[in-house]
Each structure stands twice: as C-alpha cells, then as structure tokens.
Amino acid sequence: MNVILIAVISLGAIGLISAIILYVASKKFAVYEDPKISQVSAVLPQANCGGCGYPGCSGFAKACVQAAESGSLEGKLCTVGGAPVMEKVASILGLQAEVVEPRIAVVRCNGSCENRPRIAKYDGVRSCAIAHATSGGETACTYGCLGCGDCVAACKFDAIHMNPETGLPEVSEDKCVACGACAKACPRNIIEIRKKGPKGRRMIVECVNHDKGAVTNKACAVGCIACGKCEKVCNFGAIVIENNVSYIDAEKCKMCRKCEEVCPKHTIHAVNFPPRKPKPAVEPEATKVAANTERPASVVSKAVATQSVEEKTIAEPIKKPVEAKSESVTEA
C-alpha cells in the first residue's frame, strides 16, 4: 500500500513540476499575435488557393496586417473574394481598399486538331507533366498544349475544361478567380494570368512557339512566325517580338485591333469584342469610268446647248471686223 501511495505522490509531483515549467516557458517564450490577423482571416473565403501569392488565407491575413502599418494595401488582393472581401479587410484595418483590375487565366495556344495535325500517338499516363518529360507530344509543335488536362485537375473552382473537339482547355470567365493553379500545373507555360480588361475585352497572341518561322509554319497553321507586321503597325509599343514569338503587353495595349488585321497567320485574337462593321464596297475604276461616260440625255443636251452658246460668243467678235472692212471697201 505504501508503494502505491509513493508512486502516486511521485507522479503527481512530476506532473506539478512539469506544469510549472510549461507555464513559465509559455510566458517567457510567448509570441504576441495581433488580434486583427484573426479578424481579417475570418472574413477571407478560406479557399487556401495561393492565388494571392501567400501560403493560405492565414498567411495573406498576416501580410495585410503588416502592410497596414505602412498605411496601404497596395498589391494585396484576394483573388477568390475579389473587391467585396478586400473592402471588408480594409475596413477592419482602417484603410481604403485599393482598386485592383480583375484578372483571368488565358490559354495562349490555338493549336487545335484542325490547326495542328497529329503525327504520333502518346500511349502513356494521361498527364501533361509526364508527357512533357518523356516525349514531345503527339504533334510537331513541342511548345503547344499537350491536352492531358493537368490544368483541369488543378483548378478548385471548376473554371477550366477540355474541349473534346479542339483538344484544348477553355476557361469559364464567370468561374475563374485567377488563382494561378492552372498556370502552375501547365508544364509548357501556355496558361497566363492576365488582366481581364474593360468589359472583358483583351488582345492575345495565341502562340508560345519559340521555333523559327519556317519550322513553326510546318507544325501549326496558326503559329506565330515572327514576321514583325504586328510590331510595326502598333503605335503604342505594346507588341514586342522575343524568341521568335510576339507578345502583347496588356499595360500598353489600347485595343485598336490593328495587329489583328495585319497578322497573316491569324494568331492574334480579340476576345469579347463586338463584330466588326462591314466595310463599304469600293466601286471598281471601270464602273466609275462607265458612269462618267454614260451621262443622262438632259445633261448631254444641256452641255451641247452651253457649247453652242460659247461658240456663238466666240464667233461674234470675229465677224464684226470683217463686216466693217467690207463696208469701207464699198465706199471706196
């Protein structure tokens, strides 16, 4: 009995001492956390998508509180919650919400089955990452979409799907939150997070092929051949050609659509623009000549009458001197 009592007392003493040590350690090494972090985190959607550029919503909340010390939330955006959530965050921190243009995922490849014929068959795991690492894909273009759907699997918002007819991914503008998960999942970097543009309108070069023009032309019917016509026609310096492919800078582009008109390969696309108005038909020169030649009878008769009056006016001054001379001869 004494042994059991001693064991109980010993264990109780050990527990009490451990508790005292843990209490002292917690007080000494305590880390203060601003209560605003938990408040900001509470209004976030808790998607933990990483689209904000921070590790989860808690990391974004901490970054917002730290940024509030400088008096601005510039560059901070919850891609899932958008402007409404950022207004709540700003009100908690006593700041003004920054106006940030919405963004969207853009697929920069138009190498559909029609434009980019298959020359091989990939018989392996349906994964873009594996296909890219083990083979060049099923087409001659080693830069275009592999079509295995890694981007679809990475999207948490059901905003991207594969089109069975074209074999390319398509982004739903209503669902996309521009988290960037699809762009990270694509091994060929054909998906880019760009500005959505006013009314959803934007200009895109749908090609990332870095091969020279002749090679690109053989691989894809709509691949960029870096001819430079788009760069020359742009008056705003929004188009540059690097690594044999054109790129449109969304910050500089004024969406005049001149580059789309001059592109010989139809690689540049205007998204969500209204259809162009048909240009007025130009009359051929032969029609104009015929129209001028075949004048109405009234016009012709008027011209003849005018011509006869002019001839009479010219002839009269000539006639008078002759008559005067004949009179003088008769008198003599």
Worksheet, complete the sentence: Expressed in angstrom and rounded, the centroid-to-centroid distance over alpha carbons for the range 144-218 and the range 16-67 is 36
Worksheet item: Around ARG202, which amide H atoms from residues at least 5 apart in sequence, or from another chain, sit under 5 Å from its own amide H, with H modelled in the peptide plane?
Response: VAL271
Worksheet item: If you plug each phi of the range 54-68 into the Karplus form 6.51 cos²θ - 1.76 cosθ + 1.60 with θ = phi - 60°, what whole-Hz ³J(HN,Hα) values come out, in order, with x for Gly and Pro?
Response: 10, x, x, 5, 5, x, 5, 4, 5, 5, 5, 5, 5, 5, 5
Item to complete: List the residues whose amide H sits under 5 Å from the amide H of VAL106, counting only those 5 or more places along or on another chain, with H placed 1.01 Å from N in the peptide plane.
Response: GLU192, ILE193, ARG194
Worksheet entry | Ratio Rg/Rh [Cα only; Rh per Kirkwood] for the range 36-100 | 0.89
Worksheet item: How big is the charge dipole of the range 36-100 about its Cα centre, in debye rounded to the nearest 20, if each Lys and Arg gets +1 on its Cβ and each Asp and Glu gets -1 on its Cβ?
Response: 160
Worksheet, complete the sentence: The ³J(HN,Hα) series, computed from each phi in the range 125-136 with the Karplus coefficients 6.51, -1.76 and 1.60 at θ = phi - 60°, rounded to the nearest Hz and given as x for glycine or proline, is 5, 6, 9, 5, 5, 6, 4, 5, 7, 9, 8, x
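What number, in nm² with one decimal, is the all-direction average of the projected area of the convex hull of the alpha-carbon atoms of the range 1-71?
Quarter of the Cα hull surface area: 8.2 nm².
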Fill in: Amide H contacts under 5 Å for ILE160, placed H, 5+ residues apart
SER172
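Give the peptides 210-220, 56-66 in descending order of average Cβ contacts within 10 Å, highest first.
56-66, 210-220
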Item to complete: Just the Kirkwood number for the range 103-271, please: inverse of mean 1/r across all distinct Cα pairs, in Å, one decimal.
Response: 16.4
Worksheet entry | Full-extension gain in nm, ASP158 to VAL125, via 0.36 nm per residue minus C-alpha separation | 9.6 nm
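Quick note: the coordinates plus some simple rules give every number you see, no bench work behind them. Quick caveat: nothing in here was measured; it's all calculated off a predicted structure. Every residue, glycine as well, gets a Cβ built from its backbone with ideal geometry; the counts of neighbours run over all protein chains shown.
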